[in-house]
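Asker: Structure below; questions to follow.
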């Protein structure tokens, strides 16, 4: 694991401010709980509109969640005025998402001056505390 | 291009019925306009909640759209009682999505008895009729 | 399809020169037959060492072939002194590769100043002239 | 991390036997050093023919290595008579591969009856013992 350094000391505030303008992220109900250098954790309280026809979390919710936690993980490394856009996102759907809450974590696996490689995990926890991995993603994020 | 054959003569009705239960797909406003064997076309009327902080279509909307048109393209080949789940999805973000309507097309590039490989294109058309490619995706869909 | 323009008029010679130093590409026997703006076609004469345990073309040969035709397709757009490196490569294995010759085509689907998105197809042709798609790939290529 | 169980008690011998017929894997010099349930470690002694024009390990070598360690990691879970084929392989190229030896590790992140999801890491270690990550991959492997 490489040691990551934020470009700005107030990167936590920068992320919080950016989230306020991320309308789709708010629309689907992503709540960010932890903002660390190169790492973001969040949850979604699952509702009926997050599901597909079999009653599982829709793959689009999972992909969006992976994209958001990865993109913001990359954004913790940004200089003021820089933005992060996704060049490429890949999601492996490991298990059906079943439950009332979806957990997500995104992190930077390799930081660069022009692009960052990120990964994300999406999972559920049942009433007995058992974690089920719903998806794993990898992405290429570009600094703009 | 391989010649694809539907397993059921009423595959168009099967798709329409399935869409009714795809809550997240409805929630983000995906309208399917064309249902052919192994091929689906759809649009999204873009609203404020579909955007990210720069005013472009959110990558999660694009990924969801790609997943939906690809998954239903695969579903046109399903036997009654079979379902389609996404095993993995990759989205390449080619250009920012700017405009009032998002167009999407998904198709099967290789059909199999247990899995289908699909691709999708997402694009916009400006007021002069100029098309801009927003994303290209490839996916592995599993028959369940 | 976007209209692509080469940065240098002698891009064909630039590609040919570059190939001479691509030792692994030579080692596995990739022969480039066509060099166009943003597009490359090549073949590999298949030998025993290209195969895996079931007698099919090894997935690594296919991935290497996809990477090479895509990377050189991107390189046709390079300015003198620039290089192209692969940021990420995805290969979907559509059908087993069986035969005496592997065909490959790589092309740029979206060119940029800092990165190019490419795709590639790998296929075989049997003694009756029937084409079988072996793989489809998409990749993100970075200008360095 | 899910607990994995081999289907056959002699899975180590099954892997060793299978490797003997993997001609391309032998051709590029992959040496498997560790065979555990759902996990494989291997090395390649780098030679001139493994390189591309800048003197770095060719992306095709890295992709092949990732495919082989992932595929054999999946194969440790196979029943006698079953084979593993790659449906989809995605490689993120994190840093240039420079050195005399390439290290690779592949593992199963989710096992299933019909498909396995795998990941792989490829890295180098310099003369001071410093590890550099060259690539990370994810793949979908199908049981046949």
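Asker: Using a 10 Å cut-off on Cβ to Cβ distances, tally the other chain neighbours for every residue of C:47-59 and report the average as a whole number.
Answerer: Values: counts 3, 3, 6, 3, 5, 12, 11, 5, 2, 1, 1, 11, 13.
That average works out to 6.
Asker: Now, a different point. What nm distances, shortest first, do you get from the label point of residue A:132 to those in the other copies when the point sits 7 angstrom along Cα to Cβ?
Answerer: Reported distances to equivalent positions: 3.8, 4.1, 4.3 nm.
Asker: Now, a different point. State, as an integer percentage, the relative contact order of segment B:11-143 based on alpha-carbon contacts under 8 Å between residues 6 or more apart.
Answerer: On the way: 295 pairs, mean separation 33.5, N = 133.
25 percent.
Asker: From the label point of residue D:31, set 7 Å along Cα to the beta carbon, how far off in nm is each other copy's matching point, shortest first?
Answerer: When each copy's label point is compared with this one, the spacings are 3.5, 5.4, 6.4 nm.
Asker: How far is helix C:59-75 tilted, in degrees, relative to the longest principal axis of the Cα atoms in chain C, given as a value from 0 to 90 rounded to the nearest 10?
Answerer: The angle comes out near 20 degrees.
Asker: Between copies, how far does the label point of residue A:10 sit from its twins, in nm, shortest first, when each point is 7 Å from Cα along Cα→Cβ?
Answerer: Here the equivalent label points are 5.4, 6.3, 6.9 nm apart from this one.
Asker: Just report the Cα centroid separation between segment A:82-144 and segment D:114-144, whole Å.
Answerer: So the separation of the two Cα centres works out to 18 Å.
Asker: Continuing with this model, one more query. Arrange the peptides A:102-108, B:74-80 so that the one whose residues have, on average, the most other Cβ atoms within 10 Å appears first.
Answerer: On the way: A:102-108: 23.3, B:74-80: 20.1.
Packing proxy ranking, top to bottom: A:102-108, B:74-80.
Asker: Could you give the radius of gyration (one decimal) and Dmax (whole number) of the Cα atoms in the protein assembly as shown, in Å?
Answerer: 22.6, 66
Asker: Residue by residue through B:64-75, how many Cβ atoms from other chains fall within 10 Å of the Cβ on average?
Answerer: Across B:64-75, the average partner-chain Cβ count within 10 Å equals 3.
Asker: Work out the mean other chain Cβ neighbour count within 10 Å for the residues of B:111-118 and drop it here as an integer. Let's see the in-between values first.
Answerer: Working: counts 0, 4, 0, 6, 6, 0, 9, 1.
Per residue, the number of nearby Cβ atoms from other chains is 3 on average.
Asker: Further question: To the nearest Å, what is the center-to-center distance of segment B:44-76 and segment C:3-68, using C-alpha atoms only?
Answerer: After rounding, the separation between the Cα centres reads 35 Å.
Asker: In whole Å, largest first, what are the principal axis extents of the Cα atoms in chain D?
Answerer: Projected onto the principal axes, the Cα atoms of chain D cover 43, 28, 28 Å.
Asker: Could I ask something else about it? Restricting to DSSP H runs of at least four residues, report the calculated mean residue ellipticity at 222 nm for chain D, -39500 (n - 2.57) per run over all residues, nearest 500 deg cm²/dmol. Write down the numbers at each step before the final one.
Answerer: On the way: 3 runs with 31 residues, N = 144.
My calculation for chain D gives -6500 deg cm²/dmol from helical runs alone.
Every number here is computed from the coordinates shown, using simple stated rules; none is lab data. If you're wondering where the values come from, they're calculated on a predicted model, not measured in any experiment. Because the Cβ atoms are built from the backbone with ideal geometry, glycine has one as well, and the counts that use them run over all protein chains shown.
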